[in-house]
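Heads up, the thing below is written out as structure tokens.
The values are calculated or read from the model by the stated rules, or taken from the named source; none is laboratory data. Not measured: the values here are computed from a predicted model. Cβ coordinates were reconstructed from backbone atoms using ideal geometry, including for glycine residues, and neighbour counts include every protein chain displayed. These accessible areas exclude ligands, DNA and RNA; they are computed on the full protein's heavy atoms, side chains included. Shrake-Rupley method; radii C 1.70, N 1.55, O 1.52, S 1.80 Å.
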Amino acid sequence: MKQSPFLGGFAMVRDLPLAIAAIASVLTAQPAWAQLAQPIADIPRLNQIKPPFTTAEELLVQQPAPTPAQAQVTGVQLKPIDKGLEVILETAGTFDEVLTSSSDNSLITDIPNAQLRLPKGEAFRQDNPTQDIASVEVTNLDAKTIRVTVTGKAGVPTAEVSQSERALVLSVAPPPAPAPQPTPTPTPPPATPAPTEPPPAEAQPEAQTEEEELLELEVTAEQEVGGYRVPDSTTATKTDTPLRDIPASIQVVPRQLLEDRQITRVQQVAEDVPGVQVDVTQGGLPATEFFIRGFNSFLTTYRDGFRSAAFGSLFNVANIEQVEVLKGPASVLYGQNEPGGIVNIVSKQPLTQPFYSPSLTIGSFDFYRPTLDISGLLNSQETVAYRLNLAYENAGSFRDFVNSENIFVAPVLSWQIGEDTKLTFNFEYQKFDFTYDRGFGPAGPEIFQVPISRNLGEPDFGDGDAETGRTSYVLEHQFSKNWKLRNGFAAVISSFDKSEVTPLFLQEDRRTIDRTAAKENQSSQDFTLQNEVVGTFQTGSVAHQVLLGVELYRQRSTVESLGAEIAPIDLFDPVYGAKPGLFSPDQDDESISNTLGIYFQDQIALLSNLKLLLGGRFDLIRSLDNDLLNDQETDQTDFAFSPRTGIVYQPIEPVSLYFSYATSFNPALGFSAAGESFQPERGEQFEAGVKADLLPEQLFATLAGYQITKQNVLVTDPDDPDFSIQTGEQKSRGMELSLVGRPLPGLDITLGYAYTDAFVSEDEDPAFVGGRLTSIPRHQIGLWSSYEFQIGALRGFGAGLGLYYVSGDREALLPNTDLRLPGYFRVDTSVFYRRDNWKVQLNVNNLTNIDYYNSNGFFVVPQPPLTVLGSVSVEF
């Protein structure tokens, strides 16, 4: 069955009830939209909810007031002066008042009706800017308030506030001795410095009048903002919740880490997340699939909270702001999923200040990758902003006769319709042409005796062509201070054509490898409509943050494949030139799945240090599978309720103890080689752990222990890799430790360790029972650290070091055989220099040039040897 052309897939939207519902929702919804996966920053957190009044007097004096336009701070600079330090906030807006308070040795300045909007990141921090000041931090306290925290070394600093048309300046002076903490009082900033305590004469003109000085503010902020620690995440709860308040293990890989490692494939982030391994599949196609806590997260990757399960669906690092990995079952919010966890890829969003950043990366094996990232405003009212990411890649490979070419375009448009309403459109297009290379296949341990460059296919037969288009809108409206509505729709259209020669098993002579030839065409269309309401309220002294959602999801996929015989090949002395025989059909399937999901969640603050999470989701799934080749049809309906509960207790502020229980549900679609349908897969997890700020706001640690049980598991049929079999029950239990942050100025670190014991616990076939799950190491360690000199002649120079260890007990097949992937210890390094608005960088991966391998549970694929990547980038 021949598939329709790629762009024709979008025309199908007209005929889909789901799309009709989406269009109707757009036409009838209130004028309000925003990005679904981004934090709901306008909704206060539980610990921020305060009673509207505490006395009758306060009730009587409450009067509504007009809301001024929100100011945006786009740059931060610190300037030492004779009597202290100036904190300069670049802004085009004005401020009505500034609220000051203190805590311990910190002066806290809250700026209402303002937001921090830096070109990179949403926070600024500088440690030890002067000999009397321990740190300066500028963050978004909530969606309408900026907080500036200045911590002194010998007491609470004092500050004088002044304002010009382009900057707000805090002139900070350390006290001679620790001072008592003042009571928070609103202090309107004067238009000019107070006459009794004028700021130093040399500082004011530079901060307020000199164009050259102000132009440097954005660059300075970019250098200070960053670090590998991200304190909040939306993936686990779909609300902006601090990681320390979430009873689950979640790790965020930020943009800075992607850049420091020069990551070019999303799968590489697995090395920095304990308990996660890359799934090498599709013969070199950079589809984003992982093993998480022992289980394959096949086709369950998300983009901005939308499922992206299309065949051949591609992601490009050029448009990624961060990657969030939620470990454990996530069906309570995301429906059908594997119990190991999910990966949510967060897109870059438009900036309100002009931003232009071209870059070029050149590396080993004829690797060339230019990119362009531009953003800014489109109208004088400053309500419409855009961002455009472009990337092109052309590369060879360390593998014989393998190459690839990649084109990527990703525009984003946001429209601030009103103060409480926002609409965001996203579009991505990617085309990836490549040589289809399965690696060595599961031949036997003899494959480790040949060069990793050896290709067991044919030079003139074997290529792939993948094309993906992804479009979405998100509409968000703030009804009141405490209630918000989100509505979003996404469509993903993919096509994937390939021809391949597949190496299989060794013959009895232990050197001749059997092979097959195949041609295949796949297509997939995914449509998702989501509607969610988020709000906060109190019942007595107990605070609630609730989420109510309805999701409609539809997927249609087709697979048509032809197979042929082809001559075997000698593993140690290959002779190429064999031609495939006559091709005949061996698969022609069409599958359609329709899902209705209704879900709820309540984040409850029983006490300030005791938080409870309750949630559940009901799914109704109808799956239709039509095997045209064998004239078989399957009409399957599944119901599922997926609960989740968790509790967090904080005995002291920096430490969180948590426990959680969660379940998963996933329909098992298709047929076995014998033509039998599958039972649904179900999973449950118990997890307990501790999270701690080892250094406040600088170094964050998570220690988690878990056990997952999964029943009715699908694995690759060892007799026919085109089909699967159900092996009964599998278990995974283990421990994970992660450490991430910036313990010292200029030093960033991410460290992870995972112990994973994943095995078959029950099966009708005794050969499977007790066998370890494929591709999963018992021990995994990943470390990446980067240091940049902050002062002196070496300022701007830096270096990075990566150490990655995987134990050598990974099984390649189930049931287990004598084919096991060897362990490895890999070293990566980098050096870089940053000056003003440009940066040059050199990365060397696999410095010691070791041979190592990954697997998808059947095929064994060698990984790159010593590889050099050099880049130059500029921002203006």
Taking the stretch 832-876, which residues are touching a Ser or Thr at 6+ places or on another chain (Cβ under 7 Å), at pLDDT 95 or above and either crowded, with 18+ Cβ neighbours inside 10 Å or within 13 Å of R261 (Cβ to Cβ) (or both)?
K839, Q841, L842, N843, V844, N845, N846, T867, L869, S871, S873
Residue that is among the β-branched types (V, I, T), open to solvent by 20 Å² or more (accessible area, probe 1.4 Å) and not in a strand (DSSP E or B), where the choices are T817, T829
T817
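Name the strands (runs of 3 or more DSSP E) wholly inside the stretch 322-416 in which the number of residues that are in contact with a helix residue (DSSP H, G or I) (Cβ under 9 Å, 6 or more places away or on another chain) is 2 or more. Even if it seems obvious, please write down each step before you answer.
Numbers: elements: 341-347, 355-363, 367-377, 384-395.
In the stretch 322-416, the matching strands (runs of 3 or more DSSP E) lie at 341-347, 367-377, 384-395.
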Among what's in the stretch 303-341 and is within 24 Å of Y473 (Cβ to Cβ), among the hydrophobic types (A, V, I, L, M, F, W, C) and under 10 Å from the mean Cα position of the chain (by Cα), pick the residue that is surrounded by the most Cβ atoms within 10 Å (Cβ to Cβ).
V323
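Condition check ((1) in a strand (DSSP E or B); (2) within 21 Å of T234 (Cβ to Cβ); (3) more than 34 Å from the chain's Cα centre (by Cα)) across all residues:
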| residue | (1), (2), (3) |
| --- | --- |
| S499 | yes, no, no |
| D509 | no, no, yes |
| E520 | yes, no, no |
| Q525 | yes, no, no |
| L529 | yes, yes, no |
| V534 | yes, yes, no |
| R554 | yes, no, no |
| T558 | yes, no, no |
| L562 | yes, no, yes |
Any residue at all in the stretch 537-544 that's modelled with pLDDT under 95, open to solvent by 30 Å² or more (accessible area, probe 1.4 Å) and part of a loop (DSSP other than H, G, I, E, B)?
yes
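For the structure I just gave you, tell me whether D104 is in contact with a helix residue (DSSP H, G or I) (Cβ under 9 Å, 6 or more places away or on another chain) and open to solvent by 30 Å² or more (accessible area, probe 1.4 Å). Before the answer, list the steps.
Working: in contact with a helix residue (DSSP H, G or I) (Cβ under 9 Å, 6 or more places away or on another chain): no; open to solvent by 30 Å² or more (accessible area, probe 1.4 Å): yes.
No; evaluated as a whole, the condition is false for this residue.
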Cross-chain or 6+ apart pairs with Cβ under 7 Å, the stretch 390-403 first and closer than 13 Å to P864 by Cα and touching a residue at least 40 places away in the same chain (Cβ under 8 Å), then open to solvent by 30 Å² or more (accessible area, probe 1.4 Å) and in a strand (DSSP E or B):
none
Condition test on F448, is it open to solvent by 30 Å² or more (accessible area, probe 1.4 Å), in contact (Cβ under 8 Å) with a residue 40 or more places away in the chain, under 23 Å from P721 (Cβ atoms) and not in a loop (DSSP other than H, G, I, E, B)?
yes
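If I go through the stretch 758-809 residue by residue, how many of them are assigned to a strand (DSSP E or B) and within 30 Å of D748 (Cβ to Cβ)? Break it down into steps so the answer makes sense when it comes.
Applying the first criterion (assigned to a strand (DSSP E or B)) to the stretch 758-809 yields 758-762, 772, 774, 779-788, 797-806.
Now restrict to residues that are within 30 Å of D748 (Cβ to Cβ): 779-788, 797-806.
Summing the residues that are assigned to a strand (DSSP E or B) and within 30 Å of D748 (Cβ to Cβ) in the stretch 758-809 gives 20.
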Within the stretch 627-713, which strands (runs of 3 or more DSSP E) (wholly inside it) include 3 or more residues that are open to solvent by less than 30 Å² (accessible area, probe 1.4 Å) and without any contact (Cβ under 8 Å) to a residue 12 or more places away in the chain?
none
Residue identified as open to solvent by 30 Å² or more (accessible area, probe 1.4 Å), within 30 Å of L699 (Cβ to Cβ), at pLDDT below 65 and in contact with a Leu (Cβ under 9 Å, 6 or more places away or on another chain) among P178, P129, P184
P184
Picked from the stretch 592-609 (must be within 26 Å of D526 (Cα to Cα) and open to solvent by 30 Å² or more (accessible area, probe 1.4 Å)), the residue farthest from the chain's Cα centre (by Cα) is I592
Kindly provide the set of residues from the stretch 253-302 that are surrounded by 24 or more Cβ atoms within 10 Å (Cβ to Cβ) and among the basic types (K, R), ordered by number.
R293
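If you scan the stretch 478-502, which residues turn out to be open to solvent by 30 Å² or more (accessible area, probe 1.4 Å) and either touching a residue at least 40 places away in the same chain (Cβ under 8 Å) or more than 24 Å from A143 (Cβ to Cβ) (or both)?
Within the stretch 478-502, the first condition is being open to solvent by 30 Å² or more (accessible area, probe 1.4 Å), and the residues that meet it are 479-483, 485, 497.
Those that are open to solvent by 30 Å² or more (accessible area, probe 1.4 Å) and either touching a residue at least 40 places away in the same chain (Cβ under 8 Å) or more than 24 Å from A143 (Cβ to Cβ) (or both): F479, K481, N482, W483, L485, D497.
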Collect the residues in the stretch 240-289 that are in contact with a strand residue (DSSP E or B) (Cβ under 6 Å, 6 or more places away or on another chain), among the β-branched types (V, I, T) and either part of a loop (DSSP other than H, G, I, E, B) or without any contact (Cβ under 8 Å) to a residue 40 or more places away in the chain (or both), keeping them in residue-number order.
V273, V280, T288
Considering only residues of the stretch 514-528 that are hydrophobic (A, V, I, L, M, F, W, C) and buried (at least 23 other Cβ atoms within 10 Å of the Cβ), which is nearest to S557 (Cα to Cα)?
F527
